[in-house]
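Reviewing the structure listed below.
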Amino acid sequence: MIDTPVSVTVDSKEKLLGTIAVLVCLAFFASIGILMFHVVPADNKDLVTAMTATLGSGGFIAIVGYFFGSSASSKSKDDTINTLSKS
């Protein structure tokens, strides 16, 4: 692959998306661990539960959908089209 400004930008974007995905997943599993293995004070229990629910329903599911769902298939299709158009 020839390094052009566009390809460098795409590679940087993919690395950034991967890094953010890892951080959200780690935060989600850490919050589950906190709920399972630590006694959360009653004043903070609702906050930790809401954080876990938000990370799970909004973040984790979106990440799995993006990297393994239709977005991954769409990216694969786009990569194939780009490869064929360069030939």
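Report the charge-dipole magnitude of the chain in Debye, nearest 20, computed about the Cα centre from +1 at each Lys and Arg Cβ and -1 at each Asp and Glu Cβ.
The calculation lands at about 140 debye.
List D78, D43 from most exposed to least, where exposure is judged by having the fewest other Cβ atoms within 10 Å.
Listed from fewest to most nearby Cβ atoms, that is D43, D78.
Output the relative contact order of the chain, whole-number percent, from Cα pairs under 8 angstrom with separation of 6+ residues.
Reported relative contact order: 27 percent.
For T83, what is the net charge nearby, where nearby means another residue's Cβ is under 14 Å from its Cβ and Lys, Arg count +1, Asp, Glu -1?
Spelling it out: positives minus negatives among the neighbours equals +1.
Return a single number: how many Lys pairs in the chain, at a sequence separation of 8 or more or on separate chains, have alpha-carbon atoms below 27 angstrom apart.
Number of lysine pairs found: 8.
Note the full-extension length gain between D79 and H38 as 0.36 nm times their separation in residues minus their Cα-Cα distance, in nm to one decimal.
10.2 nm
Which length gain, in nm to one decimal place, applies between T54 and D11 when the Cα-Cα distance is subtracted from 0.36 nm times their residue separation?
So the extension gain works out to 12.6 nm.
Most fluctuating residue of A27, A50, A42 in a GNM of the chain with Cα springs under 10 Å: which is it?
A42
Only one of the listed values, (1) -0.53, -1.06, -1.21, -1.33; (2) -0.79, -1.15, -1.18, -1.20; (3) -0.65, -1.01, -1.12, -1.20, was derived from the coordinates as log10 I(q)/I(0) by the Debye sum over Cα atoms at q = 0.14, 0.21, 0.23, 0.25 Å⁻¹; which label is it?
It is the one labelled (3).
Which residue, chosen from V64, L35, L47, occupies the Cα position most advanced towards the positive end of the dipole of the chain, where the dipole is computed from +1 (Lys, Arg) and -1 (Asp, Glu) charges on Cβ about the Cα centre?
V64
So how much slack lies between S70 and C25, counting 0.36 nm per residue of separation and subtracting their Cα-Cα distance, in nm?
Length difference between fully extended and current span is 14.3 nm.
A short reminder: the numbers here are calculations on the coordinates, not readings from a lab. This is a predicted model, so every value here is computed, not measured. Cβ sites come from the backbone with ideal geometry, for glycine too, and all protein chains shown count toward neighbours.
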